[in-house]
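Quick notes on the structure that follows.
The values are calculated or read from the model by the stated rules, or taken from the named source; none is laboratory data. Owing to the predicted nature of the structure, the values given are computational and were not obtained by experimental measurement. Virtual Cβ from ideal backbone geometry, glycine too; neighbours counted across all protein chains shown. When the accessible area is computed, the model is the full protein with side chains, heavy atoms only, and any ligands, DNA or RNA have been set aside. Shrake-Rupley method; radii C 1.70, N 1.55, O 1.52, S 1.80 Å.
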Amino acid sequence: MDLDEVADRLYALTPSEFTAARTAEARAAKDAGDARLSREIARLRRPTVSAWAVNRLVREHPGELAELLDVGERLRAAWQEQDADALAELTRRRGEVAAKAGRLARQAGGLSAAAGTEVDQTLDAALVDAGAAAEVRQGRLVKPLRYSGFAPAPVSRAPVSRNKRSEQERAEEEDERARAREEAEARKAREREEAEAAHREWVREVDAARAEHEERAEKVARLEKKLGKARKKLDEARQRLEVTQREERHARQRLER
């Protein structure tokens, strides 16, 4: 058993099933003598509902996911090559495959409007960003993804003044910094929430382990008490045996005389 094998099993589960299964897997690794693997499993983070929906899409609809990621790869290549015709066609395809994949992911059921929006943002990030595509393909997302950069576009044939371009670049950079700050704050909030949830889980585990220890300690104490009494009776039986054996020898000796 290794971490990849365990992670694949855990991230195929619903978020409500994840925590208990992770605890069981970590305990099994520890019982098997692999403390390092047990710690690594315990650090796996529970997925959000939207991340789980995308993970389910990866496992249950690999063909549709492959189509989505293929369009994304071709779209990024067209951006790189500044191919206006390819961009126009692939942008249309992007909308089609993203909508189809989004519908399939929502079939997981129980998705709120906010979670559905996060699914769309995650799939869109996978379309335009190679790193996000790799994360999605793995099927182990723990949170939704969001692309905050700017997609390249075909070079405009109309002349643009240097001052106007500079102003636009500054505005775009400022917008990107603002989004980066917002995402950093949101990420910190999510990490804090996940850390608090993980701590609460381990507090419950400590309480359960303490209760089990106390129960077993009481049982051992009772058994030790019974063992003490049994040893005392054994000593008494041994003394009686020694006395009876001695008296039997004396009686035999008198008989022989």
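Being open to solvent by 20 Å² or more (accessible area, probe 1.4 Å), in contact (Cβ under 8 Å) with a residue 12 or more places away in the chain, out of contact with any helix residue (DSSP H, G or I) (no Cβ under 7 Å at 6 or more places or on another chain) and small (Gly, Ala, Ser) is the requirement here; does Ala32 meet it? Yes: the conditions hold for Ala32.
The condition (being within 30 Å of Val54 (Cβ to Cβ), modelled with pLDDT of 75 or more and surrounded by 10 or more Cβ atoms within 10 Å (Cβ to Cβ)) is satisfied by just one residue among Leu241, Leu223, Leu141: Leu141. All told, Ala21 meets the bar of being open to solvent by less than 40 Å² (accessible area, probe 1.4 Å), among the aliphatic types (A, V, I, L, M) and in contact (Cβ under 8 Å) with a residue 12 or more places away in the chain. Arg146 fulfils the conditions (1) crowded, with 19+ Cβ neighbours inside 10 Å; (2) under 16 Å from Pro47 (Cβ atoms); (3) at pLDDT below 90 except for a single criterion, (1).
How many residues, within region 86-129, are polar (S, T, N, Q) and part of a helix (DSSP H, G or I)? Can you show your working first?
Taking region 86-129 and keeping what is polar (S, T, N, Q), we get 91, 107, 112, 117, 121-122.
Keeping just the survivors that are part of a helix (DSSP H, G or I) gives 91, 117, 121-122.
So the answer is 4.
Across region 71-84, the number of residues qualifying as open to solvent by less than 70 Å² (accessible area, probe 1.4 Å) and either among the small types (Gly, Ala, Ser) or within 38 Å of the chain's Cα centre (by Cα) (or both) comes to 8.
Applying the condition of being buried (at least 17 other Cβ atoms within 10 Å of the Cβ) and of a type outside the set (Val, Ile, Thr) to region 52-63 and asking which residue is farthest from Thr19 (Cα to Cα) yields His61. If we scan region 244-251, do we find a residue that is at pLDDT below 90, open to solvent by 100 Å² or more (accessible area, probe 1.4 Å) and over 24 Å from Glu25 (Cβ atoms)? Scanning region 244-251, I find at least one residue that is at pLDDT below 90, open to solvent by 100 Å² or more (accessible area, probe 1.4 Å) and over 24 Å from Glu25 (Cβ atoms), so the answer is yes.
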